[in-house]
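Engineer: I have a structure I would like to understand better, so I am pasting it below and will then ask my questions one at a time.
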Amino acid sequence: MLHTAGVVLWKDLRIEMRTRDAIGAAFVFSLLVMVIFNFALDANTPEMRRLAAGFFWVAFAFSGTLALNRSFALEKESGAGRALVFAPVDAAGVYLGKFLANVLFLLVTQIIVLPAFIVFFDTGVVADRWWALVLSFVLGATGFAAVGTLFSAVASNTRMRELLLPLLFLPVTVPALIAAVETTSFALGATDSASFWFRLLVVYDVVFITVSLLIFEYALEE
């Protein structure tokens, strides 16, 4: 399984390094959403800075959907999707490789967008809470990719995958997004405690990674 995951991960990374489709689209969309929020809501007020984490994760949720939508699109367009189904490898390894690639794409997008977010919303990370921002990004991206990779495989077999994917998986990611907003707010100094939300993110990630590994074979076949 780990060997299969490594091969799939390396393949997706090489494709992304050549095309930069997923990261490029996610970055441009995130930047556009934050510019709109900045000018439409007068984001430089104290109240808006308190809500800045929510704006960041809203932009990330929609831009991340664009990146996840490409997860199985290349295999579908080239006909390699059927080859994945019939390949004599563990389907869980295919999921793990795709999942890790998506986590890396989402984390890179977050890191690239973060400076623009700090400038637009005139905010910053509290000096002794930088670790909270790192955990928030890693755990949030992990949960987002865990669910998104599974539903991307399901949606890739439909004619309207661009529309079906967000309809399927965004409602499922609501707990993770809420927890990510709260943990990011803690890192920015808007709240005093976020221990419950960190625990929720960890539990969410473990549960959905485990479930996805177990049922991905059936999702891929369908």
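The values are calculated or read from the model by the stated rules, or taken from the named source; none is laboratory data. Owing to the predicted nature of the structure, the values given are computational and were not obtained by experimental measurement. Every residue, glycine as well, gets a Cβ built from its backbone with ideal geometry; the counts of neighbours run over all protein chains shown. We work out accessible area using only protein heavy atoms, side chains counted, and drop any ligands, DNA or RNA first. Shrake-Rupley method; radii C 1.70, N 1.55, O 1.52, S 1.80 Å.
Engineer: Name every residue in the stretch 14-34 that is open to solvent by less than 40 Å² (accessible area, probe 1.4 Å) and either in contact (Cβ under 8 Å) with a residue 60 or more places away in the chain or closer than 27 Å to Glu217 by Cβ (or both), in order of residue number.
Structural biologist: Glu16, Ala22, Ile23, Ala26, Ser30, Met34
Engineer: Being at pLDDT 90 or above and surrounded by 22 or more Cβ atoms within 10 Å (Cβ to Cβ) narrows it down to one of Ala180, Ala187, so name that one.
Structural biologist: Ala180
Engineer: Still on this structure: Which condition number in (1) more than 20 Å from Leu201 (Cβ to Cβ); (2) open to solvent by 30 Å² or more (accessible area, probe 1.4 Å) is the one that Arg129 fails?
Structural biologist: For Arg129, the exception is condition (1).
Engineer: Okay, next question. Does any residue of the stretch 35-45 turn out to be at pLDDT below 80 and among the charged types (D, E, K, R)?
Structural biologist: Taking every residue of the stretch 35-45 in turn, at least one turns out to be at pLDDT below 80 and among the charged types (D, E, K, R).
Engineer: So which of Leu200, Leu213, Leu168, Leu164 is surrounded by 15 or more Cβ atoms within 10 Å (Cβ to Cβ) and farther than 20 Å from Ser71 by Cβ?
Structural biologist: None of the other options fit; the residue is Leu200.
Engineer: Taking the conditions exactly as written (of a type in the set (A, V, I, L, M, F, W, C), in a helix (DSSP H, G or I) and at pLDDT below 85), does Val85 satisfy them or not?
Structural biologist: Considered against the rule, which asks whether it is of a type in the set (A, V, I, L, M, F, W, C), in a helix (DSSP H, G or I) and at pLDDT below 85, Val85 comes out as yes.
Engineer: Do you know which of the residues in the stretch 132-154 that are of a type in the set (A, V, I, L, M, F, W, C) and within 14 Å of Ser63 (Cα to Cα) is surrounded by the fewest Cβ atoms within 10 Å (Cβ to Cβ)?
Structural biologist: Among those residues, the one meeting the criterion is Ala141.
Engineer: I need every pair where a residue in the stretch 82-102 that is among the polar types (S, T, N, Q) and open to solvent by less than 50 Å² (accessible area, probe 1.4 Å) has its Cβ under 9 Å from the Cβ of a residue that is part of a loop (DSSP other than H, G, I, E, B) and modelled with pLDDT of 70 or more, sequence separation at least 6 or different chains.
Structural biologist: Asn102/Ser71
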